[in-house]
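See below for the structure under consideration.
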């Protein structure tokens, strides 16, 4: 316990090192008195130049990551506390040190870079999601503060969700508290964003080219993935298992229950012959395992498309609206599919009981079989239609992105080999 307290104090002192302030002093400038008055990487880059800004960001990020790694040494894992607590404690101490550094009268930076270093070590997947959203918001708005606030909200929301589920309480609490701390430190920026007076990055070549390239790449990847999963994987898996279930000679691991050889009652929405149900059940298990990956990728690519559409110049509101509507369709499809998965369980249970029951017992089970299969079929059909609508929206985005790209290519002046250099 004593060593852990010493490590937390050391992490606070390390986190308190004001690299931005020191970089300014090397140039004879007090960053607290110029620009936004912040000692972080953004103001350092604005006042001292981009190279110094990136240098301050890397140093602030590294001190957060280094302190989190300090808490991961094996000596701290032996104790009556959760194994992730020492790393979270040291990382939190570093973040507090950056926000309230003892060397500058407890008036520090806003904690974005240092907090990012801590989160990157402790919860890398949520960090990557937040980093992606930060990049997209910055591309769309040219405001680093807006990207930082959105990333902080995402981390805080992740912490609330995980905490509600009772999963990884230490990491969840750290993500929630870090997100709230960054948001509180950006209250002034939020007010300026609302009033339209927040500082923006220069609209250089990066902001003129990169959003359009991201839009084309992400929409093309989204459309290709959606078509492949929906038709090649979905139809292919169901077709293969149905063909296997109809075989007379079967592999040893796919025995045919006697109940599947009997005819099914009409009106129960069961396949004919009944043995097809075995193939459908197997295919459903195989495909449903891929749904989390499918929808996570849709959310990722949809966010990139939305950020790219918002960052394109000249800005087209209808393109942003199309990208936003398509993202909402994908999110709605995700929610509906999770609901359909809850309908799959009773549908499978009642169908299995019906298949294994005797002839005398089947009549009493028929109504439950019919109702659960009808509910699942309706939900599954709605899910398929929503998926097709999403793919139609993605196809529209891809077509627009291709049109914009080809138009810009034809607008370029022809190459003149005889032109003087």
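All of the numbers you see were taken from the coordinates with simple rules; none came from a lab. Worth saying up front: this structure is predicted, and the values here are computed from it rather than measured. Here the Cβ positions follow ideal geometry from the backbone for every residue, glycine too, while neighbour counts run over all protein chains shown.
Ordered by the count of other Cβ atoms within 10 Å of each Cβ, fewest first, 403, 42 give 403, 42. Computed over the chain with a Gaussian network model linking Cα atoms closer than 10 Å, the most mobile of 74, 251, 314 is 251. Here the sum of -39500 (n - 2.57) over DSSP H runs of 4 or more residues, divided by the residues of the chain, equals -24500 deg cm²/dmol at 222 nm, to the nearest 500. Could you list log10 I(q)/I(0) for the range 2-202 at q = 0.10 Å⁻¹, which the Debye formula gives when each Cα is one point scatterer? For the requested q values the scattering log ratios are -0.40.
Take every Cα-Cα pair in the range 99-218 and report what % of them are more than 18 Å apart. For the range 99-218, the share of Cα pairs beyond 18 Å comes to 57 percent. Solvent-free Debye calculation, one equal scatterer per alpha-carbon of the range 208-409: log10 I(q)/I(0) at 0.17 Å⁻¹ equals -1.06.
Using Stokes-Einstein with the Kirkwood hydrodynamic radius over Cα pairs, what translational diffusion coefficient do you get for the chain at 10 °C and a viscosity of 1.306 mPa s, in µm²/s rounded to a whole number? Intermediate results must be reported in sequence, preceding the final value.
Values: Rh = 25.6 Å.
Translational D for this selection: 62 µm²/s.
Listed peptides 227-236, 299-308, 334-343 appear in the order 299-308, 334-343, 227-236 once ranked by packing, highest mean of other Cβ atoms within 10 Å at the front. For residue 210 and residue 399, FRET efficiency with R0 = 22 Å and r from the beta-carbon atoms, rounded to 0.05? Once rounded, the FRET efficiency stands at 0.60. Take the Cα of residue 231, step 7 Å along the line toward its Cβ, and report every residue of the range 360-400 whose backbone nitrogen sits under 17 Å from that point. From the range 360-400, the list is 384-399. Applying 1/(1 + (r/R0)^6) with R0 = 45 Å to the Cβ-Cβ distance of residue 255 and residue 72 gives a FRET efficiency near 0.35. With the biggest extent put first, the Cα atoms of the range 234-329 measure 66, 32, 16 Å across the principal axes. In terms of packing, defined here as the mean over residues of other Cβ atoms within 10 angstrom, the peptides 45-51, 150-156, 385-391 line up highest first as 150-156, 385-391, 45-51. When each of the peptides 140-149, 257-266 is scored by the mean number of other C-beta atoms lying within 10 Å of its residues, the order from highest to lowest reads 140-149, 257-266.
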